[in-house]
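One structure is given below, encoded as structure tokens.
The values are calculated or read from the model by the stated rules, or taken from the named source; none is laboratory data. Just so we're clear, the structure is a prediction, and the values are computed from it rather than from any experiment. All Cβ positions, glycine included, derive from the backbone under ideal geometry; neighbour counts span all protein chains shown.
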Amino acid sequence: MTPNRHNSSAQQKSSDNDVVLDAVRDCVLAVGVRRTTMTDVARRAGVSRMTLYRRWPDVRSLVGDLMTREWIAVATGSMPESRPDVGTRPPLIDGLVAGVEAFRAHPLFQKIVDVDPELLLPYVLDRRGASQEALLELLAGALREGHADGSVRVAPAERQARTVLLVLQSFALSLRTMTEEDDAELTSAAFLAELRTVLERTLTP
């Protein structure tokens, strides 16, 4: 019975965390990160501030966990079903390009870029965040599968995953600085097609 109690407790904690993170998301989408307070979050989540402080020291730590949850959901939700008939590389590239497009369209990302862009700087300039670490793990695993089935160029998987993530981050974070939607050659769609070409040429054996 003990393992079941542990599993039930873990599931309840995850559910409680999701309620809080949903409240954070609603607050940030409404007023941005800087204007969100722990009191706002507690009120929306229907919990006390002390309950929040037992798990998160401040709003930024809450937002950090929210970003991790949302970005991982985007990444995993963008990956198509595996196709043994074509190998790992084609569906992987489809998923990576779709993931960049979905990430850029995500309401939370758009709000942060428009209102609190400095929140993203540490993860670009100084250190990797939890979502980046999780994405690297997913990427490295997929690349190893591609090495095994011969559809991905063999290289050290960790380095290859980090290189791919650097490319994806540049498109996700900086694409709008390069696009001109009134020029058919410089639209977002045209650049995403270029991203596909970059990934194909990088990963093809």
Of the residues in region 25-43, those that are in contact with a helix residue (DSSP H, G or I) (Cβ under 7 Å, 6 or more places away or on another chain) and touching a residue at least 60 places away in the same chain (Cβ under 8 Å) number 5
Candidates LEU195, LEU168, filtered to the one that is assigned to a helix (DSSP H, G or I) and either within 28 Å of ASP65 (Cβ to Cβ) or over 18 Å from the mean Cα position of the chain (by Cα) (or both): LEU168
Limited to region 44-72, what total is found for residues that are more than 21 Å from the chain's Cα centre (by Cα), free of Cβ contacts under 8 Å to residues at least 12 places away in the same chain and part of a helix (DSSP H, G or I)? 4
Check LEU121, LEU138 and return the single one that is out of contact with any helix residue (DSSP H, G or I) (no Cβ under 9 Å at 6 or more places or on another chain), at pLDDT below 95, assigned by TED's automatic domain parsing to the domain that holds PHE191 and of a type in the set (A, V, I, L, M, F, W, C). LEU121
How about region 177-193: which of its residues are without any contact (Cβ under 8 Å) to a residue 12 or more places away in the chain and within 18 Å of ALA105 (Cβ to Cβ)? THR177, GLU181, THR187, ALA189, ALA190, ALA193
